[in-house]
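A.B. asks: Sharing a structure here in structure tokens format.
Nothing in this text is a laboratory measurement; each read-out follows from the coordinates by a stated rule. For clarity, every value in this text was computed on a predicted model and none was experimentally measured. Here Cβ is always computed from backbone atoms with ideal geometry, including for glycine, and neighbour counts include all displayed protein chains.
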């Protein structure tokens, strides 16, 4: 077996295993440990399928699911950048571009092009699929944080205004899910889990 | 917001977060910790997309990916049953049936029926999609174990005959990937990572 194409694909499959070691700032429900990027992506992809009836526009759900699954792969090199960490957000793009080039270059050329395009489409957030995938990227940690009485917000001193600004992307993907988001934020403000 | 359907869907989305706490017997590459079911499912779903050209039959890749993502959800209640644990394998079906009923009943009826059917299709392993998904269920831990010099096999005293028997399902989903599997098994026997 000396099929170079298959060897490249298997090397990539092994490389992405490292994403399970990239930990986020969101805690699992039940006041659990922090979750990692692979778990987050798995959760987003299932939620995308489950809630697809609420997308603002018709979406190719296979494309959305794959986008959710791979959207954080670059963090194997660049690490997770917390959504409310203003300093690290400034250098995020350059760090992620280098990571994208290294990791997707492990694939055969056609798949490198395909995965890179899908990653960029997510980042650009202009197509129906990417807007809906971003809604999942925001809603997934929100339901965990809500289940944990806002523990992650408290830990980082995040205010409702900051959470609302980030959740604006949810609205572009799903007005119906933005309503849920808005309700959850208001409830957490009322419960003092999230300062105004 | 008192939309019962959406509330059921969100409750299910929160419930499946628990799958991140179900740990398997497979170790992450780099001689890492044991992986959990959510990470395993995420890895399988990406590999399914990446390697779909090697499926024996044409597959609906969105269906395969979703099947991979949800195939272990019942283990939230029933726990992981190690593939080479003969004793626990005997009670696996009854434990998983009860779990399936409880967990999927959280969904609206139409989605309960859909997810249950997809789960059963995977278990039955007769359609093109389920056979290919099973190939991923076998190949994913194999590449991790291979990267770790057979550490998990050594820990459990598993022989090459037992690994080969399990990997027969890979062949039904993909002859090409079975060739890889066979090569990896032979290499590990030669390296004394796996007794004959």
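A.B. asks: For A:63, A:154, what ranking results if the residue with the fewest other Cβ atoms within 10 Å of its Cβ goes first?
C.D. replies: Lowest count first: A:154, A:63.
A.B. asks: Ignoring everything except DSSP H segments at least 4 long, calculate the 222 nm mean residue ellipticity for the protein assembly as shown; use -39,500 (n - 2.57) per segment, divide by total residues, nearest 500.
C.D. replies: -21000 deg cm²/dmol, from helical runs alone.
A.B. asks: Compute the label-point distances linking residue A:109 to its equivalents in the other copies; points lie 7 Å from Cα along Cα→Cβ; give nm, one decimal, shortest first.
C.D. replies: Its label point is 5.5 nm from the equivalent points in the other copies.
A.B. asks: By how many degrees, 0 to 90 and rounded to 10, does the Cα axis of helix A:61-70 deviate from the longest principal axis of chain A?
C.D. replies: 90 degrees
A.B. asks: Nearest 10 degrees, 0 to 90: what angle lies between the long axis of helix B:4-15 and the longest principal axis of chain B (Cα atoms)?
C.D. replies: 30 degrees
A.B. asks: Taking only C-alpha pairs under 8 Å that are 6+ residues apart, what is the relative contact order of chain A in percent?
C.D. replies: 24 percent
A.B. asks: Turning to a different aspect of this structure: Which residues does a label at residue A:34 reach in the stretch A:145-172, if reach means a backbone N under 18 Å from a point 7 Å past the Cα toward the Cβ?
C.D. replies: A:145-146, A:148, A:150-158
A.B. asks: Would you compute, for the Cα atoms of the stretch A:3-126, the largest minus smallest coordinate along each principal axis and list the three values in descending order, in whole Å?
C.D. replies: Cα spread of the stretch A:3-126 along its principal axes, largest to smallest: 46, 35, 28 Å.
A.B. asks: Do you know the relative contact order of the stretch B:66-114, to the nearest whole percent, from alpha carbon pairs under 8 angstrom that are 6+ apart?
C.D. replies: Computed over the stretch B:66-114, the figure is 34 percent.
A.B. asks: Extension gain residue B:196-residue B:161, at 0.36 nm per residue separation less the Cα-Cα distance, in nm?
C.D. replies: Length gained, residue B:196 through residue B:161: 11.9 nm.
A.B. asks: When you look at the Cβ of every residue in A:6-13, what mean number of other chain Cβ atoms sits within 10 Å?
C.D. replies: Mean shielding by partner chains, rounded to a whole number: 5.
A.B. asks: On to the next question. For the protein assembly as shown, compute Rh as the Kirkwood radius over C-alpha pairs and then the Stokes-Einstein diffusion coefficient at 10 °C and 1.306 mPa s; write the answer in µm²/s, rounded to an integer.
C.D. replies: 73 µm²/s
A.B. asks: Can you tell me the 0 to 90 degree angle between the C-alpha axis of helix B:128-147 and the longest principal axis of chain B, rounded to 10?
C.D. replies: Taking the Cα atoms of chain B, the angle to B:128-147 is about 50 degrees.
A.B. asks: If the chain between residue A:86 and residue A:116 were fully stretched, how many nm would it gain, using 0.36 nm times the residue separation less the Cα-Cα distance?
C.D. replies: Contour length minus Cα-Cα distance gives 8.2 nm.
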